[in-house]
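A.B. asks: Quick one: structure below, then a few questions.
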Amino acid sequence: MRHEVTGADTAVSLGSGDVPVLATPRLIAWLEAATVRAAAPFTGPGRTTVGTEIRVRHLRATPVGGRVEVTAEAPAAEGRRLTFRVSAVDGAGELVADGEIDRVLVDRERFLASAPAAPAARSEGTEDSGNSKDSEG
């Protein structure tokens, strides 16, 4: 998967630093997306994978306009756990990042059923009773 670094991908934009270069959180998201694609042969109907652990070294800065290619090597399955070797290389062929990302095979419906429900959102237009900790007064 190839990506071009934009202003929206920088540490400044994502709040992970104060320099206008590829942010580590964005790089990790790109690497995770590569593992999702590489995991596809291991999934079937009703099955998916979820990320469980990330061990990545971000080794080199990439400026806005720079290109990065990310790869994830499909592993040999070890039960339900899949460990992917991941890497990112810039347009000059220099290593930007390397590491491993673990994903686990799950039944999609059972996984979603086991996830806690999100708290109910307040409806728009509802007046605040003044009892919340955040209210001023």
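The values are calculated or read from the model by the stated rules, or taken from the named source; none is laboratory data. On a predicted model such as this, the values are computed, not experimentally measured, just so you know. Cβ atoms come from the backbone with ideal geometry, glycine included; neighbour counts cover every protein chain shown. When the accessible area is computed, the model is the full protein with side chains, heavy atoms only, and any ligands, DNA or RNA have been set aside. Shrake-Rupley method; radii C 1.70, N 1.55, O 1.52, S 1.80 Å.
A.B. asks: Working only within the range 31-44, note down all residues that are crowded, with 17+ Cβ neighbours inside 10 Å and touching a Ser or Thr at 6+ places or on another chain (Cβ under 9 Å).
C.D. replies: Passing the criteria: 31, 34, 35, 36, 38, 39.
A.B. asks: Could you look through the range 67-79, keep only residues that are in contact (Cβ under 8 Å) with a residue 12 or more places away in the chain and crowded, with 18+ Cβ neighbours inside 10 Å, and pick out the one that is farthest from residue 38 (Cα to Cα)?
C.D. replies: 68
A.B. asks: Do we have residue 40 as more than 16 Å from the chain's Cα centre (by Cα), of a type outside the set (D, E, K, R) and not in a loop (DSSP other than H, G, I, E, B) here?
C.D. replies: In short, yes.
A.B. asks: Out of 32, 100, I need the residue that is in a strand (DSSP E or B), touching a Lys or Arg at 6+ places or on another chain (Cβ under 9 Å) and of a type in the set (D, E, K, R). Which one?
C.D. replies: Checking each option against the conditions leaves just 100.
A.B. asks: Restricting attention to the range 45-66, report how many residues are open to solvent by 50 Å² or more (accessible area, probe 1.4 Å) and in a strand (DSSP E or B).
C.D. replies: Adding up the residues that qualify gives 8.
A.B. asks: For the range 80-101, how many residues are of a type in the set (Lys, Arg) and surrounded by 22 or more Cβ atoms within 10 Å (Cβ to Cβ)?
C.D. replies: Qualifying residue count for the region: 0.
A.B. asks: I'm trying to understand the selection: among the residues of the range 10-28, which are within 13 Å of the chain's Cα centre (by Cα) and open to solvent by less than 50 Å² (accessible area, probe 1.4 Å)?
C.D. replies: Once the filter is applied, which keeps residues that are within 13 Å of the chain's Cα centre (by Cα) and open to solvent by less than 50 Å² (accessible area, probe 1.4 Å), the range 10-28 yields 23, 27, 28.
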